[in-house]
Amino acid sequence: MPRINSASELEAFRKDILSKRDPKKPCISVCTGTGCLALGAAKVVAALKEEINKQGLENKVGVVDVKETGCPGFCERGPIIVIHPEEICYLQVQPGDAEEIVSQTILAKKVIDRLLYAVPGVDEKITRESEIPFYKNQMRNLIGNNIKIDPKKLDDYLAVGGYSALVKALFQNTPEQVVELVKHSNLRGRGGAGFPAGRKWEFARNNPDEPKYVIVNADEGDPGAFMDRALLEGNPFSVLEGLTIGAYAIGSHEGYFYVRQEYPLAVENITLAIKQAEEYGFLGKNILGSGFDFHVKVHRGAGAFVCGEETSLLASLEGKAGEPRSRPPYPAVKGLRGKPTNINNVETWANIPLIINKGADYLASIGTGGSKGTKIFSLVGKVNNTGLVEVPMGITLRDIIYKVGGGVSGGKKFKAVQTGGPSGGCIPEEHLDIKVDFDELAKVGAIMGSGGMIVMDEDTCMVDVARYFLNFLSGESCGKCTPCREGIRQMLKILTNISEGKGKEGDIELLEDLAEATRDASLCALGGSAPNPVRSTIRYFRDEYEAHIRDKRCPAFVCKNLISYHIDPAKCQACMICLRKCPAEAITGGKKQIHVIDQEKCTKCGTCFEVCPPRFHAVKRLSGEPVPPPIPEEARILARESKQT
Amino acid sequence: MSEILLQIDGREVKADEGMTVLEAARSAGIHIPTLCHHDKLAPYGACRICVVEVNARGRKTLAAACVYPVEPNLAVRTRSEKVDKTRKMILELLLAHAPDAPALQELALEYGADKHRFEKESSFCVLCGLCVRYCTEVKKKNAIGFFDRGARREIHFIPEIAAKECWNCKECFPLCPTSYLQAAYHLTEALAFPRPSSKPASGE
Amino acid sequence: MDNDKIDKIIDKYPSDPSSLIQVLLEIQSENRWLPKEALKRVSEKLNVPLNRIQHIITFYKAFSVVPKGRHEIHVCTGTACHVRGAPRLLDTIQDLTGLKPGETDEDLRFSLETVNCVGCCALGPVIVVDGEYHGKMAPAKSEDVLKNYE
């Protein structure tokens with residue numbers, strides 16, 4: 001690979017890359033992000049390559065390319081293929097489809113109907129990726145490039161304009177001017193706290209102490225959130241370019257990617273990206289001949305959610321246990337090894353090239369008064385179109401869930417949407433029309449967080465949700481300070497008791513008292529925000545708490561100790577399905593004998609409820625009421641009309 | 001080092017740059033309760049008993065006085081409804097572990113903390129960290145350390161080091177507010193490094 | 001694990017305490033667990049006291065102080081998988097293997113762990129066995145998936 005030593009050399013190199021690429025040549029882009037890989041994308045790639053070889057097309061120049069790309073976000077329908085230049089999008093592709101794709105679509109230019117997106121409820125298929133409602137209603141400034149780039153090939157990034165922002169920053173702006181640009185754009189951090197990035201950069205910029213450090217926080221620990229994973233796996237160059245620009249702006253010559261070790265593909269791809277950038281001269285000494293030096297290392301996490309908190313991350317980088325430090329002093333003053341440090345989230349860094357290239361006003365033109373730009377959310381849970389969605393700030397929750405997300409899955413009733421992970425809150429139906437932005441979400445008791453958006457339906461128990469998050473946090477708290485360690489311990493105890501039917505009057509009030517102390521006196525934001533799920537579920541679903549406590553009833557039929565399964569003898573047709581499938585062998589009966597569940601053996605797994613044929617609908621879930629005693633054996637014989645031939 | 005003027009409980013206090021609110025308060029004779037703080041050790045900020053209300057740049061929050069650095073025009077309140085309520089809760093959470101610890105009794109009385117508010121927990125260590133920090137920072141022997149995290153956080157002696165160093169030292173023993181440390185030591189000694197018979201059989 | 005191998009790993013990184021976690025991650029990855037001798041060697045060469053190493057290997061979940069099984073089963077218990085039924089899946093796998101999270105069976109065949117989100121939420125509930133992802137798992141599928149791993 002050539003070393004590029006100036007801005008003009010880069011432009012010449014870029015032109016050269018583009019001249020060698022025929023935009024009309026078919027290119028089959030296959031998503032090979034972790035999600036699609038888990039669904040078999042690697043086999044799809046292999047099958048396509050084999051088919052191309054079989055048809056003798058491999059060596060025929062100008063026929064077709066196969067590109068392994070990053071995640072475009074429509075994870076529910078993976079493995080995904082987009083065929084350029086027509087932008088034909090095929091979903092849920094299997095290796096067996098390879099032959100047809102090559103013969104029909106590539107060679108005969110015919111579209112394969114059954115692989116297209118089908119609009120629900122009507123007889124309509126959509127061919128072009130950008131017209132699929134899931135994508136159409138998004139604004140994919142950051143993630144849109146993923147399907148065009150092979151994350152292991154820096155040239156692909158250059159082909160879509162990559163590194164033009166770094167050139168602009170290094171050669172057309174002073175470091176202070178870059179800081180001003182970012183301030184002017186009003187970009188707020190995407191990691192969860194939403195602190196204005198430009199202001200944070202300015203603190204570090206103005207600190208005379210040296211050396212200075214810049215860090216990418218890629219310890220995406222919120223369960224259910226995987227935006228950063230998709231960016232790092234799919235377009236690591238954009239994050240790296242943003243980091244390099246930031247280093248220049250702040251005056252740092254040493255940077256780190258702190259990546260959680262649960263993301264091995266992200267670690268691999270960013271390590272490779274750094275290597276390629278170094279070879280090209282986009283990293284290292286005298287970048288692009290500008291005189292600016294910047295080196296970057298990758299540092300893996302070791303399995304601790306708390307290391308997403310910036311001071312814990314610093315401790316971990318220093319080879320210590322991830323215990324947070326009190327602030328002030330903030331990392332911009334005393335960070336890594338006591339020196340000025342600027343830590344930003346992956347998505348924040350990915351926004352930087354966009355701001356430099358399109359200008360601060362561009363970002364400021366998107367979004368609401370207090371929250372500018374786009375945000376990538378991981379829309380998951382009980383929603384039809386599960387995946388990553390990038391939308392402008394200010395879009396309503398309703399539009400995200402229904403327009404982009406395709407609504408609640410399984411035809412169930414919407415109950416709540418949880419945003420902000422374990423630090424966030426549950427938002428009920430009454431607030432679905434709020435405009436998503438940092439301040440609006442805070443007003444309703446939630447937070448933006450890193451972007452996790454979990455849709456919950458009528459089958460979700462909100463007491464169980466609060467308990468789930470506290471259980472998560474009790475294992476992830478560093479344990480250093482009393483309010484977090486002990487506050488969470490006691491809140492979890494109370495919630496566990498409530499979910500097991502041992503709740504008592506006064507529990508809700510005690511939870512509220514504990515929540516207050518934990519929020520106010522904890523050392524860091526893990527403890528400080530730990531009470532949020534409890535507080536928001538009490539705020540909006542107090543009736544569920546009271547049902548658990550007073551009536552020993554779980555309205556959503558989730559809390560095992562409070563539910564029972566019962567086969568209605570009037571409806572049972574003795575089909576034997578539940579009897580055979582019961583993992584605890586708790587059902588007695590026979591071909592003409594009504595089935596009865598032995599409550600002592602029943603493990604409440606719910607299998608019988610799920611497998612009972614809908615036309616019988618004989619299995620009932622009960623909660624807060626006694627189970628009817630089993631009918632006497634004699635009454636269990638089912639008289640059925642036998643079919644006479 | 002420049003001088004900084006701040007307000008504690010309505011009084012003007014002069015402090016040096018780099019001081020903590022706790023140090024500044026003490027220099028002015030204002031009392032703030034502490035548990036995990038020790039003059040020979042770096043401030044730790046773990047027990048949170050020393051929380052005070054600070055008003056900095058228009059924002060009012062609770063902060064641990066032992067680690068919060070003084071700033072010009074900082075307004076501090078060492079007692080208030082919020083501060084007292086918080087200290088009471090912290091004490092009750094700790095009393096669930098060590099209801100009879102002498103170090104907690106006086107504070108519990110002052111703040112009206114009820115030792116029975118929470119069910120008794122199995123461990124009577126309050127994780128103040130005095131023992132670990134003393135051994136690391138003062139004795140530099142590292143014979144005892146923290147293990148695990150969250151609700152499972154504990155202190156343990158490192159048997160190989162403790163077997164060599166602790167018998168003739170035990171300087172950390174008087175620091176422990178609950179005597180859990182002594183119990184942990186004797187248990188480790190009994191299980192992991194039995195005393196040779198030449199050493200005295202009973203206490204020191 | 002012999003000292004030579006350990007030294008080789010240590011020498012890849014700057015020889016100061018900040019390399020501690022990266023070194024331990026590599027040793028864990030190669031050896032599948034961290035024996036006391038390895039810790040003592042690391043303590044000597046990086047000049048880090050043993051009590052700090054002990055804290056780190058018990059604090060971070062990536063480390064194991066006991067030998068792991070040949071096959072590591074990771075059940076995702078992230079929020080999206082949770083609402084899609086991960087608890088029931090975990091129960092079934094616990095019953096099948098006889099293990100609770102954190103445990104390894106006697107024949108060192110399986111180790112069971114829960115993991116807080118692997119970033120494949122659309123496929124939930126997900127389990128990862130030896131780095132292989134199995135999505136849209138139903139409790140009934142568990143036996144079939146696990147019997148492939150001897």
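Every number in this text was worked out from the coordinates using simple rules, so none of it is lab data. It should be emphasised that the depicted structure is a prediction, and the values quoted were computed from it without experimental measurement. Positions of Cβ are backbone-derived with ideal geometry, glycine not excepted, and every protein chain shown enters the neighbour counts.
Could you give the nm distance between label points at residue A:429 and residue A:412, where each point is 7 Å from its Cα heading toward the beta carbon?
About 1.5 nm separates the two model spin labels.
Can you check what the Kirkwood hydrodynamic radius comes to for chain B, Cα pairs only, in Å to one decimal?
One over the average 1/r among Cα pairs gives 18.8 Å for chain B.
So in the stretch A:154-364, what percent of DSSP beta bridges are antiparallel if you round to the nearest 5? Kindly include the intermediate steps, with their values, before the conclusion.
Working: 2 of 19 bridges.
That works out to approximately 10 percent antiparallel.
For a Förster distance of 45 Å, can you work out the FRET efficiency between the beta-carbons of residue A:210 and residue B:75, rounded to the nearest 0.05?
Efficiency computed from Cβ-Cβ geometry: 0.85.
Please report the spacing between the Cα centers of the stretch B:1-38 and the stretch A:140-214 in Å, no decimals.
Taking the Cα centre of each part, the stretch B:1-38 and the stretch A:140-214 sit 41 Å apart.
Using the 4.7 Å Cβ rule, please list in number order the cysteines from chain B without any candidate partner.
Taking the Cβ cut-off of 4.7 Å, the unpaired cysteines of chain B are B:50, B:66, B:125, B:135, B:166, B:169, B:176.
Once the Cα atoms of helix B:81-95 and of chain B are each reduced to a long axis, what angle between those two axes, in degrees from 0 to 90 to the nearest 10, is obtained?
That helix lies at roughly 10 degrees to the long axis.
Could you work out the equivalent-ellipsoid semi-axes for the stretch B:130-192, taking the square root of 5 times each eigenvalue of the Cα gyration tensor, largest first, in whole Å?
After scaling each eigenvalue by five and taking roots: 16, 14, 12 Å.
May I ask for the equivalent-ellipsoid semi-axes of the stretch A:26-184, computed as the square root of five times each C-alpha gyration tensor eigenvalue and listed largest first in whole Å?
In descending order the semi-axes read 33, 20, 13 Å.
Once Rh for the stretch A:508-613 is found with the Kirkwood sum over Cα pairs, what is the Stokes-Einstein diffusion coefficient at 25 °C and 0.890 mPa s, in µm²/s?
Here the translational diffusion coefficient equals 146 µm²/s.
Show log10 I(q)/I(0) for the stretch A:340-385 at q = 0.15, 0.25, 0.29 Å⁻¹, two decimals, from a solvent-free Debye sum over equal Cα scatterers.
Treating every Cα as an identical point scatterer, log10 I(q)/I(0) equals -0.55, -0.96, -1.08.
What shape does the stretch C:3-59 take by its C-alpha gyration tensor, where a ≥ b ≥ c are the square roots of the eigenvalues and a/c under 1.5 counts as rounded, a/b above b/c as prolate, and the rest as oblate?
Rounded, because the longest to shortest axis ratio a/c is under 1.5.
Mind pulling the per residue volume of the convex hull built on the Cα atoms of the stretch B:36-79? Å³ is fine.
Per-residue hull volume (Cα only) is 75 Å³.
So for the pair residue C:149, residue A:504, with labels modelled 7 Å out along Cα→Cβ, what separation do we get in nm?
4.4
Quantify how much of the Cα-Cα distance distribution of the stretch A:449-506 extends past 17 Å, in percent.
49
Quick one: grab the alpha carbon gyration tensor of the stretch A:202-311, order the square roots of its eigenvalues as a ≥ b ≥ c, and give me rounded if a/c is under 1.5, else prolate or oblate depending on whether a/b is larger than b/c.
Because a/c hits 1.5 or more and a/b fails to exceed b/c, the stretch A:202-311 counts as oblate.
Can you work out the FRET efficiency for the pair residue B:9 and residue B:85, with r the C-beta to C-beta distance and R0 = 22 Å, to the nearest 0.05?
Details: r = 18 Å, r/R0 = 0.80.
The value I calculate is 0.80.
Which aspartates and glutamates have a Cα lying under 13 Å from the Cα of residue A:415, excluding residues fewer than 8 positions away in the same chain?
A:429, A:430, A:457, A:458, A:459, A:544
Note down the nm distance, to one decimal, between modelled labels 7 Å out along Cα→Cβ at residue A:152 and at residue C:108.
The modelled label-to-label distance comes out at 3.2 nm.
With a cut-off of 17 Å, note down the residues of the stretch A:118-145 whose backbone N falls inside the zone around a label point 7 Å from the Cα of residue A:357 toward its beta carbon.
A:139-145
Rounded to the nearest 500, what is the protein assembly as shown's calculated 222 nm mean residue ellipticity when only DSSP H runs of at least 4 contribute -39500 (n - 2.57) each, over all residues?
After summing the helix terms and dividing by the residues of the protein assembly as shown, the value is -10000 deg cm²/dmol.
Could you please state, rounded to a whole Å, how far the C-alpha centre of the stretch A:75-139 is from the C-alpha centre of the stretch C:101-141?
31
Under 14 Å from the Cα of residue A:435, which aspartates and glutamates turn up, not counting those fewer than eight places away in the same chain?
A:399
What are the extents of the Cα atoms of chain C along their three principal axes, in Å, largest first?
Taking the Cα atoms of chain C, the three principal extents are 50, 31, 23 Å.
Roughly what % of DSSP beta bridges within the protein assembly as shown run antiparallel, to the nearest 5?
Percent antiparallel among DSSP bridges in the protein assembly as shown is about 65.
Using every Cα-Cα pair within the stretch A:563-643, state what percent have a distance larger than 15 Å.
Roughly 52 percent, once rounded to a whole number.
Report the Cα centroid-to-centroid distance between the stretch A:275-308 and the stretch A:595-641 in angstrom, as an integer.
Answer, in whole Å: 62.
Nearest-5 percent of antiparallel DSSP beta bridges in the stretch C:71-146?
Taking every DSSP beta bridge with both residues in the stretch C:71-146, the antiparallel ones total about 55 percent.
Using the alpha-carbon atoms, what tilt in degrees (0 to 90, nearest 10) does helix B:102-111 show relative to the longest principal axis of chain B?
Approximately 30 degrees, to the nearest ten.
Dividing the convex hull volume of the Cα atoms of the stretch C:71-146 by its residue count, what figure in Å³ per residue is obtained? Spell out each step's value before the answer.
Details: hull volume 5.4 nm³, N = 76.
In the stretch C:71-146, the Cα hull volume divided by residue count equals 72 Å³.
What length, rounded to one decimal in nm, is gained on full extension from residue C:100 through to residue C:44, with 0.36 nm per residue of separation minus their alpha-carbon distance?
Extending this stretch completely gives an extra 16.7 nm.
Any idea what diffusion coefficient the stretch A:374-457 gets from Stokes-Einstein, in µm²/s, Kirkwood Rh on alpha carbon pairs, 20 °C, 1.002 mPa s?
Stokes-Einstein gives a translational diffusion coefficient of 176 µm²/s.
Quick check: from the Cα gyration tensor, does the stretch A:154-364 come out rounded (a/c under 1.5), prolate or oblate?
rounded
Starting from 0.36 nm per residue, how many nanometres of slack lie between residue A:293 and residue A:22 once their C-alpha separation is accounted for?
Between residue A:293 and residue A:22, full extension yields 94.0 nm more.
Once Rh for chain A is found with the Kirkwood sum over Cα pairs, what is the Stokes-Einstein diffusion coefficient at 10 °C and 1.306 mPa s, in µm²/s?
Using the Kirkwood radius from Cα pairs, D works out to 59 µm²/s.
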